[in-house]
Structure formats: C-alpha cells, structure tokens
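Accompanying notes for the structure given below.
What follows draws every value from the coordinates through simple rules; no lab data is involved. All figures in this text were calculated on a predicted structure; none of them were measured in a lab. A quick note on method: Cβ atoms are made from the backbone with ideal geometry, for glycine too, and the neighbour counts reach across all protein chains shown.
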Amino acid sequence: MYDLAIIGSGPAGASSALFAAKAGKNTVVFDNGKSITAKAWVENHYGVPEIEGPELLKTGQKQAQNFGAELKQEEVTLLEQHDDSYTLKTETSSYDAKHVLFATGMSAKLGEEFGLTVKEGDEPRVAKVIVTDDQGKTNKPNIWAAGTVANKSVHTIITSGDGAAVAINIISELNGERYVDHDILK
C-alpha cells in the first residue's frame, strides 16, 4: 500500500511526489499525458531559465523518481473508498493508498464523480475546481487537492509551490508532527 497516490504529474503533482518521496513516503504518481504544461513555453518560473513545457514536466517527474516516487503512465478512471484507505483503478491495474492527492490540472471530473465538493473555477477556461481548506484537504478524509484543480492558479510556479505545500501537510499528517524539508550545503 502506498502512503500517497497522486493523480496528475504536472507541476503540482510532480512537486508533491518529489517532496513525499524525499521524505521517505511510499509514493505513486499517475500521468495521463494531458497536462496543459505540455503545450507551454515557460519563462517566468523562478530559478529556471526559459524552458519548454514538456522539458519542465520531464525534469520535475525525473526529480520525483530520483527520490523513489513511482511514475505510472496510466489514467486513473475510478476511485473507491475503504475504511482507512483508497483504491485507485486504471484500465489495467489497481493501487491502494492511505492518502490521495488530486493534481489534475484543469479537470475536476474524477473528483466530482467520486463525490468531492466542486465549484466554479476562478481562472479563465477552468470550469470547475475541487473545494479545499487552507491545508489542501477536501470534504473526504485523506483526500487532498493542489494546484489548478484546487483553484490556486494555472501558472506553473504557483501550482508547483502549492503541490509542495500540500505535500508537506500530508507528510506532517502521516508523521504526526510538522515536517520540514530544508537541506543545507555540504
């Protein structure tokens, strides 16, 4: 069983996966190949020279994998709730996790089908978003949302930061105390 399953591997999802895996959490992240970042030209992402969206996605996903996150090139089509865990189903497999993070970009469809509270989005072309509290929690236990689908922004720098922030909250909950990830020069 995974500690954290992340639906979406764009900036919010990959950033979440990076933090969770680096914290030693058994992490799986799903990439359905539909990230809007794949069509982006990015020159306003702090600390990153101008970069093509597909390269930014590839780099972020690789960073998460380097810390042990598993990247699955599959689309999650169904989410089932159990007493204290969830099963995520794809066309060919199923995966169990204690926590699930929606980082599904501009699509709240799966979350809405699962019964998460949604509302109209604030960003242009973002029809619906998943309602969360300030920590990223949804109306269901151990289900979280980050980035565009959580009504934060469509900008990669903001969604990646929000993914990291929500991951820290999930890790803190799993650990039972506030988690901080701050490396120092060696």
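Some observations on this one:
- Charge-dipole axis of the chain as Lys and Arg at +1 and Asp and Glu at -1 on Cβ define it, positive-most pick from T132, A164, W144: A164
- Shape class for the chain: rounded, because the ratio a/c of the largest to smallest gyration tensor axis (alpha-carbon atoms, square roots of eigenvalues) is under 1.5.
- Within a Gaussian network of the chain (alpha carbon springs, distance under 10 Å), most fluctuating of T27, T104, T132: T132
- Selection from A97, M1, H45 lying farthest towards where the dipole of the chain points positive, charges on Cβ: H45
- Mean residue ellipticity (222 nm) of the chain, computed from DSSP H runs ≥ 4 via -39,500 (n - 2.57), nearest 500: -9000 deg cm²/dmol
- Rounded Å value of the spacing that divides the Cα centres of the stretch 1-62 and the stretch 140-186: 12
- Taking each of K25/K137; K22/K58; K109/K152; K72/K186 in turn, the alpha-carbon distance tops 25 angstrom for K72/K186.
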